[in-house]
Structures are given as C-alpha cells and as structure tokens.
1. Look through the stretch B:241-256, keep the residues that are crowded, with 17+ Cβ neighbours inside 10 Å and in contact with a helix residue (DSSP H, G or I) (Cβ under 9 Å, 6 or more places away or on another chain), and return whichever of them is farthest from B:W173 (Cα to Cα).
2. Only one of (1) modelled with pLDDT under 55; (2) surrounded by 20 or more Cβ atoms within 10 Å (Cβ to Cβ) fails for A:M80. Which number is that?
3. With (1) buried (at least 19 other Cβ atoms within 10 Å of the Cβ); (2) outside any loop (DSSP other than H, G, I, E, B) as the list, and B:A236 as the residue in question, which single condition is left unmet?
4. Would you point out which residue out of B:Y192, B:Y153 is aromatic (F, W, Y), under 19 Å from B:K241 (Cβ atoms) and outside the structural domain of B:A253 (by TED's automatic domain parsing)?
5. Can you tell me which residues in the stretch B:258-279 are hydrophobic (A, V, I, L, M, F, W, C), crowded, with 17+ Cβ neighbours inside 10 Å and either touching a residue at least 60 places away in the same chain (Cβ under 8 Å) or over 25 Å from B:T174 (Cα atoms) (or both)?
6. Please specify each residue of the stretch A:1-57 satisfying the condition of being more than 11 Å from chain B (Cβ to nearest Cβ), of a type in the set (V, I, T) and in contact with a helix residue (DSSP H, G or I) (Cβ under 9 Å, 6 or more places away or on another chain).
7. Quick one: B:K182 ticks every box in (1) among the charged types (D, E, K, R); (2) in contact with a strand residue (DSSP E or B) (Cβ under 6 Å, 6 or more places away or on another chain); (3) loosely packed, with under 10 Cβ neighbours inside 10 Å except a single one, so which number is it?
Amino acid sequence: MAATKKISLSEEDLVRALKGQETIAIQALYDMYSGALLGVISRIVQHSEVAEDLLQETFIKIWNSAENYDSSKGRLFTWMINVARNLAIDKIRSKDFRNSSKNQDIENNVDFIDSQKRLTFNADTLGLRDLVTALKPEFNDVLNMVYFKGYTHVEAAEELNLPLGTVKTRIRMAIMELRKHFN
Amino acid sequence: MEEAKAYIETGILELYVLGQLNALEQLEVEEMAAKYPEIKEEITAIEIAMEHYALSHAIQPTSGLEKQIFERITPATTNTTAKEKPEAKIVPLYNDNSASTIRSLRFALVACIALLVISTGALYSAHSSLTLANQQIASLSLDKQKFASTVSYITDENKDLQKIAAISSDPTWTPVKLSGTKISPKANLVVYWHKAGHHVVLDNTKMALPENDADHQYQLWAMVNGKPVDLGVFDAQSQPKKLLVTMKEIGNAQAFAVTLEKRGGSVNPTMEKMVVLGGVTI
C-alpha cells in the first residue's frame with residue numbers, strides 16, 4: 001500500500017469517529033499505530049504470526065470496546081497500547097502458549113525480535129541509536145522490561161533484585177530522558 | 001502547587017501511563033489530575049514520550065492483516081466472518097425474536113384498547129339505565145308513600161264510620177244534638193255520650209260550625225248542675241283529619257255547649273261566644 005494513501009486524523013476526530021463506529025477510525029488508527037502496537041506485541045510474544053493475530057485481536061477489541069475509552073483519563077494511544085499489552089500478556093501466560101514456546105528464551109525478547117525481524121525504523125525517527133546509547137542502560141532496561149516484555153514493575157524489581165522504589169525511580173528517569181529526546 | 005510537584009516526583013504518573021497501577025491507584029491519579037492541571041499536563045507529556053518511543057520501535061505488519069481486520073469490523077461483510085464469530089449469527093435471531101415479541105405485544109395492545117372502548121361503552125349504558133331505574137324507584141316509592149298514607153287515612157275513616165254506625169245503633173250511647181244560638185243560628189253539632197262509660201265523642205260528619213282561625217278554638221263544655229265543666233278543645237275544619245274526636249270524660253251532665261275561645265281553651269266559658277247548645281234528653 002502506497003504511503004500517500006495513509007490516513008491521519010487528529011486525536012479528537014479519531015476518538016469521535018471511533019466512538020461513532022465509523023470504519024475510517026480503524027483505518028486511521030491502523031495507518032498511524034499498527035506498527036507501534038505490533039512493536040510492543042512482538043517483543044512480548046516473540047512469535048511473529050502470533051503477534052499479528054494479537055494485533056488483529058487488539059484492533060477488534062479497540063473497535064468493540066470503544067465506548068469504554070474515556071479521553072479524560074488519558075490519550076487514545078495509551079489506552080490502545082494497554083489493550084495490546086494486556087492481550088499479549090494474557091497470551092504468554094496462557095497454558096497452550098507456554099507449552100508451545102518452551103524452547104525460547106524469554107529473557108532475550110527484545111534482542112531476539114530485533115535480530116529476527118530486522119527492525120525497520122521509520123525514517124523520521126532519526127537519532128534513535130543516539131538515544132539508546134544516551135540512556136543509561138540500567139535505567140532503560142527497567143523501562144523496557146515493563147514496556148516491551150510484559151513485566152509488571154513489581155516483577156521487574158524481583159527479577160533485578162532491586163527495591164521497588166529504585167525501580168520506580170529508574171522508570172521515571174528513563175522516561176524523563178525520552179521526553180528530553182523527543183521534545 | 002507543592003503537593004502537585006511532590007506527587008509528580010513520586011513516579012506514580014509514569015506507572016499510570018504504563019498501566020502498572022491497580023484500579024484504586026488509577027482512580028487516585030485521575031482525581032489528582034482533575035484537581036491539578038500541571039499533573040494532567042505531566043501525564044500527557046509522559047504519554048506523548050511513550051508514543052514516540054513506541055513509534056520508534058514500530059514493526060510494520062504484513063500487508064494482508066489490514067484487510068482481515070476490516071472484514072471483521074465492517075458490518076457489510078459480517079456474513080463472511082460468521083463462522084468465526086458465532087455471535088454474529090445470534091444477533092439477528094435475537095432481533096427477530098424481539099421483533100415478533102413487539103408485534104404480538106402490539107396486537108395485544110390493540111386488543112386491550114378495543115376491549116377498553118367496549119367496556120367503557122357498556123359501563124356508560126349500564127350507568128344510564130341504572131340512573132333511570134333509580135329515578136323510577138324514587139318516584140315509585142313516593143307513590144307508595146302517598147298510597148300508604150291514603151290507605152291509612154281511609155282505614156281510619158272506615159273505622160270511625162263503623163264506630164259511628166255502631167254508636168247510632170247502640171242504646172247505651174246517647175246522641176245529643178246541639179243547635180245554633182243567636183250568634184250562629186245555622187250552626188249545629190252532634191255529640192255522642194256514653195253515660196255509664198263516661199265517654200264523650202264529637203261526630204265531625206254531623207258538624208256544621210264556621211271554621212275557626214289560627215288564634216281561636218272551639219271548646220266543649222258540659223253543664224253539670226248549672227256549672228260548666230271543660231271537656232276539651234277542637235277545631236272545625238272543612239276537611240277534618242278524623243271523623244270521631246274523643247273528648248274528656250264526664251259521667252253526669254244536663255246539657256252540652258260549645259263556645260269559641262282562644263287557642264288552647266279557657267278556664268271559664270265566654271258565654272257571649274256560645275255557638276251551639278243542646279240539652280240531654282233521656
């Protein structure tokens with residue numbers, strides 16, 4: 001599909017269209033965010049076919065439960081990414097998925113996916129590599145465990161053998177760095 | 001301001017955006033965000049940063065996926081995905097049921113209205129016949145009262161007539177004819193006297209006295225050894241209620257007289273107002 005055909009709407013229009021059950025909302029959301037959602041889903045479930053199934057489920061769920069989204073509580077993307085992440089986490093914790101993927105090392109999700117799929121970064125996200133190196137690895141690791149691996153921050157604290165307060169601080173520091181970088 | 005700043009520094013807003021909080025903690029953050037605009041702004045800034053971060057880690061899905069999603073959400077293509085989504089089949093079935101339920105309810109409603117109209121008509125007609133019947137009953141009972149009083153009057157009259165007949169043929173009763181005096185020569189009256197039983201009875205059928213007014217009444221006197229004795233008062237009417245009027249008792253009298261007195265009677269007779277007088281002849 002050509003890049004010129006991609007639809008982009010303002011946040012307000014998107015929310016209105018989605019709540020009004022206009023299919024253009026899903027088209028726009030897909031064009032704008034399918035890659036970002038799949039990026040998160042893929043890193044949690046690793047398996048690209050399962051990830052795409054989950055992406056599909058994510059959009060169906062966004063479509064069907066649009067009335068549950070409350071714009072006063074946060075941005076649409078935040079709600080969408082939480083829907084995607086929860087579906088992915090439910091999947092990896094389900095019995096049949098765990099049985100079928102025992103042979104894969106769950107610790108190395110991010111590296112594994114990145115090497116397998118050869119991540120195609122958008123052209124306009126210049127300087128990401130600079131960012132990755134600019135972030136202190138110990139800060140970024142905690143954020144990535146929560147954002148990309150499906151850990152809760154409590155689980156991350158246990159995994160890294162750190163106090164919960166430290167984990168919270170590191171997440172905050174990492175996001176502050178991101179904000180500096182993107183703004 | 002200080003509270004908001006301290007709240008931002010706890011790092012709870014980041015956990016909120018990352019979906020790491022339980023429902024209660026989420027509610028707390030949402031209340032704080034509603035209270036402090038700077039907290040709301042901070043949340044939005046975190047969200048935007050995370051959006052950029054997610055976009056920079058985007059993985060493009062394979063091209064067929066978009067179409068699959070649209071097929072599943074577009075109502076026009078519901079049939080093609082019916083096998084995948086059994087609820088798609090259930091929905092129209094459910095709608096059909098409700099439609100038929102609505103239709104039968106509509107029939108029921110129409111039937112109810114028709115029944116109501118008929119009932120109202122019947123009630124109205126019953127009400128008007130009942131009113132008519134009530135009126136008839138009222139007039140009938142009025143008639144009945146009239147008849148009853150007439151019958152009782154006639155019965156009394158009949159009884160009195162029989163008594164008069166009995167008195168006339170009974171020798172123990174003495175009829176005393178009182179004739180008019182100078183002031184009323186045409187007046188006359190008959191008194192029946194039962195000497196042994198001391199009874200005195202006036203016969204209204206044989207009375208010819210001028211009608212008395214409301215202030216006066218006739219008074220009957222017995223003359224006993226030259227002295228008048230009161231035997232009671234009576235009215236002279238053109239249509240008397242009773243034929244026979246029982247007066248006070250007396251066992252001995254030489255004559256009877258009637259004077260016109262004030263209503264209720266007098267102790268002594270007003271002799272100049274004497275209308276009739278008659279001696280007893282045995």
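The values are calculated or read from the model by the stated rules, or taken from the named source; none is laboratory data. None of the values given here were measured: they were computed from a predicted structure. All Cβ positions, even for glycine, are placed from backbone atoms using ideal geometry, and neighbour counts span all protein chains on display.
1. So the residue we want is B:L243.
2. (1)
3. (2)
4. Details: B:Y192 fails: outside the structural domain of B:A253 (by TED's automatic domain parsing).
Only one candidate qualifies: B:Y153.
5. The initial filter retains those residues of the stretch B:258-279 that are hydrophobic (A, V, I, L, M, F, W, C), namely B:258, B:260, B:267, B:271, B:274-277.
Now drop any that are not crowded, with 17+ Cβ neighbours inside 10 Å, which leaves B:258, B:260, B:274-277.
Of everything in the stretch B:258-279, those that are hydrophobic (A, V, I, L, M, F, W, C), crowded, with 17+ Cβ neighbours inside 10 Å and either touching a residue at least 60 places away in the same chain (Cβ under 8 Å) or over 25 Å from B:T174 (Cα atoms) (or both) turn out to be B:V258, B:M274, B:V275, B:V276, B:L277.
6. Listed by number, the residues that qualify are A:I7, A:V15, A:I44, A:V45, A:V50.
7. (2)
Quick grid of which residues meet (1) over 20 Å from A:F182 (Cβ atoms); (2) without any contact (Cβ under 8 Å) to a residue 12 or more places away in the chain:
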{"position": "B:L13", "(1), (2)": "no, no"}
{"position": "B:Q20", "(1), (2)": "yes, yes"}
{"position": "B:Q26", "(1), (2)": "yes, yes"}
{"position": "B:E30", "(1), (2)": "yes, yes"}
{"position": "B:A33", "(1), (2)": "yes, yes"}
{"position": "B:K40", "(1), (2)": "no, yes"}
{"position": "B:T44", "(1), (2)": "no, yes"}
{"position": "B:A49", "(1), (2)": "no, yes"}
{"position": "B:A54", "(1), (2)": "no, yes"}
